[in-house]
Every structure is written in C-alpha cells, then in structure tokens.
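Undergrad: A single structure is presented below for examination.
The values are calculated or read from the model by the stated rules, or taken from the named source; none is laboratory data. Since the structure is predicted, the reported quantities are computational estimates derived from the model, not experimental observations. Here the Cβ positions follow ideal geometry from the backbone for every residue, glycine too, while neighbour counts run over all protein chains shown.
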Amino acid sequence: MSTESLPDAAEAIVMRARVEPVSAASAVATLAWRAMLRIKHVPFQLFDVTITPIMFTLLFTYIFGGALSGSPKVYIQYLLPGILVQTIVFITVYTGVGLNTDIQKGLYDRFRSLPIWQPAPLLGALVGDLFRYSVASMLIIVLGLILGFRPAGGAVGVLLAFALVLVFAGALSWIWIIVGMKVKHPESVMTTSFVFLMPLTFASNIFVALETMPGWLRAVVRHNPVTHLANASRGLMHGQPVGADILWVLVASAAIVLVAAPIALRLYHQER
Amino acid sequence: MRARDPAARRNPPQMTTAIEVSSVVKTFGKTRALDGVDLAIRSGSVYGLLGPNGAGKTTTIRVLTTLLKPTSGRALVLGHDVVREAAQVRRKVSLTGQYASVDEDLTGHENLVLVSRLLGLGWKDARRRAEELLGAFGLSDAAGRLVRTFSGGMRRRIDIAASLVTRPEILFLDEPTSGLDPRSRNQVWELVRQIAADGTTVLLTTQYLEEADRLAERLAVIDHGRVIAEGTSPDLKSSVGSNTLHVHLAKQEQRAQAEAIAAGVVANCVLPQTEPSAVAIKVPDGAAAAAVLGALARADIALIDFSLGAPSLDDVFFALTGRPAEAPKSEGKEAAP
C-alpha cells in the first residue's frame with residue numbers, strides 16, 4: 001500500500017524557516033476550530049448533549065407534570081427554563097472529560113511545547129464547549145415549544161436566559177478543568193463531578209417550587225446558585241423581573257472564575 | 001514578565017553547544033526520577049539517550065522541552081534557561097512525544113494544518129504546508145482519514161511531520177520507534193538521518209541498543225536518573241575493555257554447559273545475554289577465542305554462528321550496571337503523569 005512507504009527521495013522534506021509565533025487570539029481561534037472539527041468527526045459528542053435533555057424534558061413533563069401542576073402543559077411552563085439549566089450544568093463536565101482525554105493521549109504535551117500563548121488550548125476547548133451548550137439549549141427550547149412551552153418574555157427573554165446560563169456554564173467549566181487535570185482517567189472526571197452535580201441540580205427549585213420543601217432543605221436550596229439561575233432563567237423567559245437573581249448568578253460566576261481559573265492555569269503550567 | 005539573565009543577553013553563548021544540563025534533579029513525591037543529570041550536547045548532531053524503562057529518559061526530555069520544571073539544577077537549551085526563558089525555548093524546538101501527540105479524532109491533513117496555524121502560518125499557507133508534508137512523509141493517500149485509523153508507523157510519521165512544520169533547531173524524539181515493525185523502524189531511522197543532514201540537532205531516547213548504535217553519533221547511557229556513561233558508541237564499547245566472542249548455539253538447552261566450558265578456558269569471561277541461545281565471552285585475544293571455540297567443538301556443542309568483535313552495547317550496559325539492559329517488567333512506566 002502506498003500509504004505504508006516513504007518516497008525514497010531523500011530531499012523530500014523541504015524545510016521551512018520558523019515564523020513569528022501566532023497571536024493569543026489567533027491561537028485560541030485555531031484551537032476552537034479544532035474543537036469544532038472534533039464535533040464534526042465525532043458527532044457522538046453531540047449525541048450526549050442532545051439525547052439527555054430530550055429524555056429529561058419528556059420524562060419529567062409527562063411523569064411529574066400532572067401530579068405537580070395539574071397538567072403537563074402547565075408544568076412545562078415552570079419546568080423548561082429549569083431543565084435548560086440542569087442540562088447545561090451537567091454537560092459542563094465534558095469540558096473536564098475532554099481535557100483529561102487530551103492530556104492522557106499526550107496531545108497537550110505537543111500544545112504546551114509549541115510557542116503559543118499557553119492558556120490557548122484551554123480557552124479554545126472552552127469555545128467549542130460553549131458551542132455545544134448552545135446546541136443543547138436550542139434543542140431544549142425547540143422541544144419545549146413543540147410540547148406547549150409558551151415563553152411570555154418572547155425571543156429576547158429566551159436569548160437572555162440562554163446567555164445567562166452560558167455565562168454560568170462557562171464559569172463552572174473551570175472547575176472541571178481543574179478536576180480534568182488532577183485525575184487519572186476521563187471516567188474519574190465523570191464520577192467525581194456527579195457527586196457534586198446531582199445534589200447541586202436536584203437540591204434546587206428546578207423541578208419543584210421552594211415552598212413545597214421542608215424548612216431545613218429550603219434554607220439550603222435557597223442558597224444554591226442553581227436555584228438562582230433557574231429563577232433567573234424562568235423570569236427572563238416569562239418576562240418577570242428577576243434582577244436580584246441575575247445579579248446573584250453573575251456574582252457567583254465571577255467568583256468561580258476568579259478562584260478556579262488561576263488555580264487551573266497554575267496547574268496547567270505546572271508539571272504533570 | 002519573566003526575569004531575563006542579563007549576562008546571557010550580553011554574551012550570547014556559543015551556539016556550538018545545543019543543550020547543557022547540569023546537576024538536574026527531578027523528584028515526583030519520593031521518587032527521584034532524575035538524580036543529578038549532566039549533559040552537554042553539541043549542535044548539529046544526533047544524540048542518543050539510552051536506557052531501560054524508568055531510567056529517566058522521558059523526564060529528561062520533558063524538562064528540556066519546558067514541560068517539567070527541574071526540582072534543582074540548571075538546563076540550557078540553545079542558551080536559554082528552560083525555566084526562566086521557556087517561551088524562547090519553545091520557539092526553537094519541537095517535540096514528538098512517546099505517545100503519538102496528534103489528535104486522533106482529526107484527519108492527518110487537519111492535524112498538520114492545526115500545528116501549522118499554531119506555529120504562525122496563515123490558513124492558506126498552513127494548508128499548503130500540510131499537503132507538502134503529507135507528500136514528503138508518504139501520507140498523501142491517507143490525508144483525509146482520521147488519525148485513529150492510521151497504522152502505528154503512519155502515526156509515528158504524522159507525529160514527526162507535525163514537528164517539522166517549520167524547522168526546529170532541536171528536534172526531540174522520545175522513543176521514536178517503540179512499538180514499530182522493523183520496516184517502519186527503518187523508515188523512521190531514514191527520516192532522522194535526513195533531518196539531521198539538514199542541520200537540525202536531534203535528541204532521541206531509545207531502549208534499543210541497536211538504534212542508538214546506528215543513529216547517534218554520541219550517546220549517554222542513563223540509569224536510575226543518572227548518566228552513567230557518555231561518549232561515542234565505539235568509545236563506550238572500548239570502555240568495556242576487551243574483545244567479545246559471540247556464539248549462537250544450535251540448541252539453547254546447551255547454554256549452561258557452553259558457559260561452563262568457556263569459563264574453564266578463560267576465567268570470569270561470560271557476559272550475560274538476554275537471548276537464550278546466545279553466549280558472549282570476554283576474551284583477551286584471538287588465541288583465547290580459538291581455545292574457547294575448540295573446547296566447545298570437543299564437547300559436541302553445535303554452533304549456528306560465531307563472531308569475534310568489539311562488545312555490543314548490550315555488553316556495555318552490563319559492564320556499566322551489572323545487569324542486562326532489559327528492565328524487569330515490574331518497574332513500570334516512566335515519569336508517571
């Protein structure tokens with residue numbers, strides 16, 4: 001097979017002089033391009049982020065809808081903005097999984113030995129992840145509309161809710177970047193993260209209103225950032241004032257980034 | 001941002017030395033992966049780091065390519081300190097790691113475009129360079145295939161191609177032929193020779209004594225995180241001190257008998273060999289070799305072949321470490337991530 005043999009011309013490799021290194025922005029853009037290519041070649045990555053939300057939305061709407069709100073149609077008005085939050089929060093884990101896989105395969109050794117702005121591979125991957133979050137978000141909304149979700153806040157409200165969820169997801173991703181660099185296997189990223197994410201998303205008001213919970217739990221749930229995000233998402237989509245929740249989410253996101261990003265970058269620069 | 005060594009800037013070091021490592025120690029927890037490594041590698045040569053698994057070869061390369069910070073000691077690559085001037089080092093070197101450091105989920109062409117872009121080429125230029133390299137490495141037909149579907153040899157080639165998008169002053173190759181079939185191994189050797197002929201300094205690590213012998217002008221033998229010998233391959237061989245008679249037995253079960261007979265002729269002469277049917281005997285001269293062969297013939301020990309020559313690197317390794325070059329399986333992976 002011709003692909004198995006080298007042309008025997010010894011002069012075949014024409015050397016090329018080194019050029020000026022790329023700018024930071026250009027490196028990030030190139031690595032984001034790589035993330036997109038991976039989605040193109042391994043569409044299964046999108047399968048994960050599309051099937052789960054579809055399943056959740058359908059299951060919760062039809063199983064709990066009647067019991068919780070009288071009818072699925074009424075419940076979905078409450079549930080959908082929350083399901084969006086839950087789904088996106090869950091799939092932020094893939095940021096860590098992807099990073100861990102790249103590290104284990106030795107790919108990050110190449111990136112780190114290149115003359116590029118060092119955080120570029122992390123940020124490039126994050127851009128790809130944000131794209132995936134967006135695809136998942138769109139899907140949930142479309143499915144919701146089919147099932148009878150009617151956002152009173154209109155398209156603008158829905159888009160603002162999207163944006164807010166993406167901000168929080170982007171921030172949360174930094175935590176998985178840290179986990180992704182610390183653990184030995186991609187599966188461990190999953191396992192570790194679910195221990196946090198299960199309580200984080202279920203001990204919130206995504207599925208049921210705060211008022212239905214016992215007092216001690218209510219105190220916990222009220223301070224869960226996911227509760228604030230779900231409130232904000234619901235409020236924006238239905239055109240209700242939720243300024244305080246939005247602010248809360250933005251502050252929480254900023255706090256996560258301020259703490260996690262420097263740790264992640266430090267780990268990234270350090271040896272493994 | 002980074003502190004620069006003002007002295008280094010005023011007096012740029014002579015570029016005849018590509019790599020200078022002094023007393024580099026690297027510890028991982030309680031493990032001393034590098035235990036005071038010293039190296040001086042001349043520009044424009046192929047230099048081999050030879051040693052068994054876990055000896056510290058990969059750790060050395062990772063320190064030199066700025067992926068690991070040494071715990072103590074100092075390493076200069078092309079005159080730049082690998083810690084304080086890491087960015088300058090990265091601008092001048094390329095690394096092809098032990099595991100194929102290309103993206104398996106991208107095509108061959110996309111991988112090379114990716115690296116070309118990251119090295120500063122424009123999109124159009126990057127695509128052209130990718131095609132050029134695919135052609136040069138005999139991978140044009142596989143350009144559009146995902147690297148995941150490549151054979152071991154093809155992966156190795158795309159990996160080396162990615163390191164040659166633009167000319168590195170030093171190319172680091174970590175075990176470039178491990179896991180390759182003999183044919184692919186030969187192709188990689190040919191590539192290394194071409195790259196070196198073009199003026200790039202090549203530092204490669206290998207567990208294969210034959211590989212180091214055939215490619216590298218100079219070698220460092222590394223064991224337990226230390227350089228235990230350094231020199232040209234003939235230097236190292238002559239350091240073992242005498243000629244070696246290599247005999248290949250027709251029946252490997254006669255090995256113990258053959259060794260005993262040889263020991264009866266020349267005292268303390270049997271060198272351990274990893275191959276069950278091979279016996280290596282240190283002999284002071286040709287007459288002693290003839291005597292050993294005569295004794296073996298009289299005992300009816302059939303030989304497939306024999307040769308008298310300078311010791312092999314296997315012999316060198318034994319002379320230096322007191323054990324054969326093959327590491328015990330239990331020693332595990334080098335430089336745990």
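Undergrad: Just give me the residues in region B:158-175 being of a type in the set (Ser, Thr, Tyr) and more than 8 Å from chain A (Cβ to nearest Cβ), in sequence order.
TA: B:163
Undergrad: Would you say residue A:74 is within 17 Å of residue A:135 (Cα to Cα) and not acidic (Asp, Glu)?
TA: No: the conditions fail for residue A:74.
Undergrad: Would you mind telling me which numbered condition in (1) within 19 Å of residue B:21 (Cβ to Cβ); (2) more than 16 Å from the chain's Cα centre (by Cα); (3) surrounded by fewer than 21 Cβ atoms within 10 Å (Cβ to Cβ) residue B:40 fails?
TA: It fails just one condition, (2).
Undergrad: If you check B:245, B:219, which single one turns out to be in contact with a Leu (Cβ under 9 Å, 6 or more places away or on another chain), within 20 Å of residue B:16 (Cβ to Cβ) and assigned to a strand (DSSP E or B)?
TA: It is B:219.
Undergrad: Here is a further query. Do we have any residue at all in region B:170-185 that's in contact with a Leu (Cβ under 6 Å, 6 or more places away or on another chain) and part of a helix (DSSP H, G or I)?
TA: Checking region B:170-185: not a single residue is in contact with a Leu (Cβ under 6 Å, 6 or more places away or on another chain) and part of a helix (DSSP H, G or I).
Undergrad: Something else about it: May I ask you to verify whether residue B:236 is within 23 Å of residue B:176 (Cβ to Cβ), assigned to a helix (DSSP H, G or I), in contact with a strand residue (DSSP E or B) (Cβ under 7 Å, 6 or more places away or on another chain) and touching a residue at least 12 places away in the same chain (Cβ under 8 Å)?
TA: It is true that residue B:236 is within 23 Å of residue B:176 (Cβ to Cβ), assigned to a helix (DSSP H, G or I), in contact with a strand residue (DSSP E or B) (Cβ under 7 Å, 6 or more places away or on another chain) and touching a residue at least 12 places away in the same chain (Cβ under 8 Å).
Each row is one residue, and each column tells you yes or no for (1) loosely packed, with under 15 Cβ neighbours inside 10 Å; (2) part of a loop (DSSP other than H, G, I, E, B); (3) touching a residue at least 24 places away in the same chain (Cβ under 8 Å).
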{"site": "A:178", "(1), (2), (3)": "no, no, yes"}
{"site": "A:181", "(1), (2), (3)": "no, no, yes"}
{"site": "A:187", "(1), (2), (3)": "yes, no, no"}
{"site": "A:206", "(1), (2), (3)": "no, yes, yes"}
{"site": "A:216", "(1), (2), (3)": "yes, no, no"}
{"site": "A:220", "(1), (2), (3)": "yes, no, no"}
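Undergrad: Across region A:227-272, what is the total count of residues that are aromatic (Phe, Trp, Tyr) and farther than 30 Å from residue A:105 by Cβ?
TA: 1
Undergrad: Ok, one more. Within the bounds of region B:77-99, is there any residue that is buried (at least 23 other Cβ atoms within 10 Å of the Cβ), of a type in the set (S, T, N, Q) and either free of Cβ contacts under 8 Å to residues at least 12 places away in the same chain or part of a helix (DSSP H, G or I) (or both)?
TA: The answer is no, given that none of the residues of region B:77-99 is buried (at least 23 other Cβ atoms within 10 Å of the Cβ), of a type in the set (S, T, N, Q) and either free of Cβ contacts under 8 Å to residues at least 12 places away in the same chain or part of a helix (DSSP H, G or I) (or both).
Undergrad: How many of the residues in region B:138-150 are within 9 Å of chain A (Cβ to nearest Cβ) and either touching a strand residue (DSSP E or B) at 6+ places or on another chain (Cβ under 8 Å) or more than 11 Å from residue B:108 (Cα to Cα) (or both)?
TA: Number satisfying all stated conditions: 3.
Undergrad: So residue B:178 clears everything in (1) more than 8 Å from chain A (Cβ to nearest Cβ); (2) modelled with pLDDT of 90 or more; (3) within 19 Å of the chain's Cα centre (by Cα) except one condition, right? Which one?
TA: Unmet condition: (2).
Undergrad: Going residue by residue through region B:106-129, is there one that turns out to be touching a residue at least 40 places away in the same chain (Cβ under 8 Å), within 18 Å of residue A:36 (Cβ to Cβ) and within 7 Å of chain A (Cβ to nearest Cβ)?
TA: Looking for residues that are touching a residue at least 40 places away in the same chain (Cβ under 8 Å), within 18 Å of residue A:36 (Cβ to Cβ) and within 7 Å of chain A (Cβ to nearest Cβ), one finds at least one in region B:106-129, hence yes.
Undergrad: Would region B:214-235 turn up any residue that is over 30 Å from residue B:23 (Cβ atoms) and in the same structural domain as residue B:35 (by TED's automatic domain parsing)?
TA: There is at least one residue in region B:214-235 that is over 30 Å from residue B:23 (Cβ atoms) and in the same structural domain as residue B:35 (by TED's automatic domain parsing).
Undergrad: Can you tell me which residue in region B:196-216 is nearest to the other protein chains (Cβ to nearest Cβ), limited to those that are part of a helix (DSSP H, G or I) and buried (at least 23 other Cβ atoms within 10 Å of the Cβ)?
TA: B:215
Undergrad: Scan region B:115-133 and give yes if some residue there is hydroxyl-bearing (Ser, Thr, Tyr), assigned to a helix (DSSP H, G or I) and farther than 13 Å from residue B:163 by Cβ, otherwise no.
TA: The answer is no, given that none of the residues of region B:115-133 is hydroxyl-bearing (Ser, Thr, Tyr), assigned to a helix (DSSP H, G or I) and farther than 13 Å from residue B:163 by Cβ.
Undergrad: List every residue pair whose Cβ atoms sit under 8 Å apart, with the two residues 6 or more apart in sequence or on different chains, where the first one lies in region A:31-43 and is facing chain B (nearest Cβ under 8 Å) and closer than 20 Å to residue A:118 by Cα and the second, anywhere, is buried (at least 19 other Cβ atoms within 10 Å of the Cβ) and among the acidic types (Asp, Glu).
TA: Every condition considered, the pairs that remain are A:34/B:103; A:34/B:110.
Undergrad: To continue, here is another question. Regarding residue B:239, is this residue modelled with pLDDT under 90 and more than 24 Å from the chain's Cα centre (by Cα)?
TA: So residue B:239 does not fit the description; no.
Undergrad: Residue check, residue A:150 against (1) surrounded by fewer than 19 Cβ atoms within 10 Å (Cβ to Cβ); (2) in a helix (DSSP H, G or I); (3) of a type in the set (D, E, K, R), all met but one. Which one?
TA: (2)
Undergrad: Go over the candidates B:54, B:73 one by one and state the one that is within 27 Å of residue B:206 (Cβ to Cβ), part of a loop (DSSP other than H, G, I, E, B) and out of contact with any Gly (no Cβ under 6 Å at 6 or more places or on another chain).
TA: Answer to the check: B:54.
Undergrad: Right, something else. Regarding residue B:155, is this residue among the basic types (Lys, Arg), under 28 Å from residue A:98 (Cβ atoms), more than 7 Å from every other protein chain (Cβ to nearest Cβ) and without any contact (Cβ under 8 Å) to a residue 24 or more places away in the chain?
TA: Taking the combined requirement at face value, the residue does not satisfy it.
Undergrad: Here is a further query. Test of understanding: among B:297, B:258, B:267, which residue is crowded, with 20+ Cβ neighbours inside 10 Å, over 30 Å from residue B:34 (Cβ atoms) and not assigned by TED's automatic domain parsing to the domain that holds residue B:190?
TA: Every option except B:258 fails the conditions.
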